[in-house]
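The values are calculated or read from the model by the stated rules, or taken from the named source; none is laboratory data. Quantities reported herein were computed from a predicted structural model and do not represent experimental measurements. No Cβ is skipped: glycine too gets one built from the backbone with ideal geometry, and neighbour counts run over all protein chains shown.
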Amino acid sequence: MKLLHSNISGEGKPFIFLHGFLGMGDNWKTLGNQFSEAGYEVHLIDQRNHGRSFHADSFSYELMAEDLKKYCDHHNLKNSIVLGHSMGGKTAMLFAAKYPQMVDKLIVADIAPKHYPQHHQDILKGLSALNFKEMESREDADVQLENYVSHFGVRQFLLKNLYRKTKDEFALRMNLPVLIENIEEVGIALEENLTYAGETLFLRGEKSDYIEDMDEISIKKQFPKAILKTVSKAGHWLHAENPKEFYALVTEFLGQE
């Protein structure tokens with residue numbers, strides 16, 4: 001059985017973190033450490049075709065939800081808190097709807113259950129164009145990627161995937177060809193008949209347009225106990241742009257002082 005890679009820290013109630021598209025569990029390392037120190041058993045997971053998890057030709061939310069089910073069964077995780085950002089939020093929503101008995105509370109960061117049009121074209125072109133033979137450092141990769149991705153912070157996020165495949169050659173951890181081939185899967189909507197009746201927190205970035213005011217209606221149809229909060233001074237990467245407020249809102253939702 002192929003099992004997802006994770007970093008586990010702390011002891012207590014299980015708290016699962018699911019990264020977004022082209023990310024990895026390590027994106028949550030700082031906040032994960034805070035929650036493990038606060039008394040949770042934190043699982044920073046790499047989803048399939050991302051990070052150090054297995055590569056596969058198939059890629060969909062159904063498969064990622066099943067991957068998570070297998071992971072929870074393997075680690076005997078019950079009544080977990082599940083937090084997902086962006087693509088990870090869609091995985092978390094589907095997992096909670098399919099296996100509500102395994103989820104105590106659900107937290108969704110800057111994504112709604114609706115369909116999103118494909119908007120990663122420049123990023124995928126830039127990653128595909130990286131010439132590893134002409135790359136001697138991470139700085140070289142950044143210079144190459146800048147031709148396609150102007151935002152420095154986004155480039156730094158993407159280049160977390162860079163690693164030394166050999167002493168002399170870099171490579172990317174994600175399975176880029178499969179992710180490009182299945183890119184339309186990332187934007188699909190959660191089926192309208194799927195619901196989760198447990199406690200749910202949706203967080204959106206003040207500067208992000210991923211969750212609009214009108215989306216609250218459809219969110220509450222599928223997640224009737226959902227509450228929607230806004231992280232100030234933050235865009236789509238709200239947990240990285242305002243981690244203090246993000247942590248405070250999640251902690252408040254979980255009933256901690």
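Of note:
- Only one of the listed residues (Lys98, Lys69) is surrounded by fewer than 18 Cβ atoms within 10 Å (Cβ to Cβ) and without any contact (Cβ under 8 Å) to a residue 40 or more places away in the chain. That residue is Lys69.
- Checking each residue in the range 35-55 for being of a type outside the set (D, E, K, R) and under 18 Å from the mean Cα position of the chain (by Cα) picks out Phe35, Val42, His43, Leu44, Ile45, Gln47, Asn49, His50, Gly51, Ser53, Phe54, His55.
Condition check ((1) among the aliphatic types (A, V, I, L, M); (2) farther than 17 Å from Leu94 by Cα) across all residues:
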| site | (1), (2) |
| --- | --- |
| Lys165 | no, yes |
| Ile183 | yes, yes |
| Glu191 | no, no |
| Leu194 | yes, no |
| Asp209 | no, yes |
| Ile227 | yes, yes |
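- Checked against the criteria, Leu179 does not count as crowded, with 19+ Cβ neighbours inside 10 Å, out of contact with any strand residue (DSSP E or B) (no Cβ under 8 Å at 6 or more places or on another chain) and over 30 Å from Ile16 (Cβ atoms).
- Residue list for the range 120-151, restricted to those being of a type in the set (Ser, Thr, Tyr) and exposed (fewer than 11 other Cβ atoms within 10 Å of the Cβ): Ser137, Ser150
- If the condition is being over 16 Å from the mean Cα position of the chain (by Cα) and more than 15 Å from Ala65 (Cβ to Cβ), then the range 194-207 contributes Ala197, Gly198, Glu199, Thr200, Glu206, Lys207.
- The single residue among Leu130, Leu145, Leu194 that is over 16 Å from Met24 (Cβ atoms), assigned by TED's automatic domain parsing to the domain that holds Trp28 and among the hydrophobic types (A, V, I, L, M, F, W, C) turns out to be Leu194.
- Selection status of Ala234, without any contact (Cβ under 8 Å) to a residue 60 or more places away in the chain and in the same structural domain as Asp104 (by TED's automatic domain parsing): yes
- Of all residues in the range 197-248, those being assigned to a loop (DSSP other than H, G, I, E, B), closer than 26 Å to Gly153 by Cα and aromatic (Phe, Trp, Tyr) number 2.
- Among the residues making up the range 152-176, those that are out of contact with any helix residue (DSSP H, G or I) (no Cβ under 9 Å at 6 or more places or on another chain), of a type outside the set (Val, Ile, Thr) and either within 25 Å of Glu241 (Cα to Cα) or surrounded by fewer than 11 Cβ atoms within 10 Å (Cβ to Cβ) (or both) are Tyr163, Arg164, Lys167, Asp168.
- Residue list for the range 27-42, filter: closer than 11 Å to Ile8 by Cα and either without any contact (Cβ under 8 Å) to a residue 12 or more places away in the chain or surrounded by fewer than 23 Cβ atoms within 10 Å (Cβ to Cβ) (or both): Lys29, Asn33, Ser36, Tyr40, Glu41
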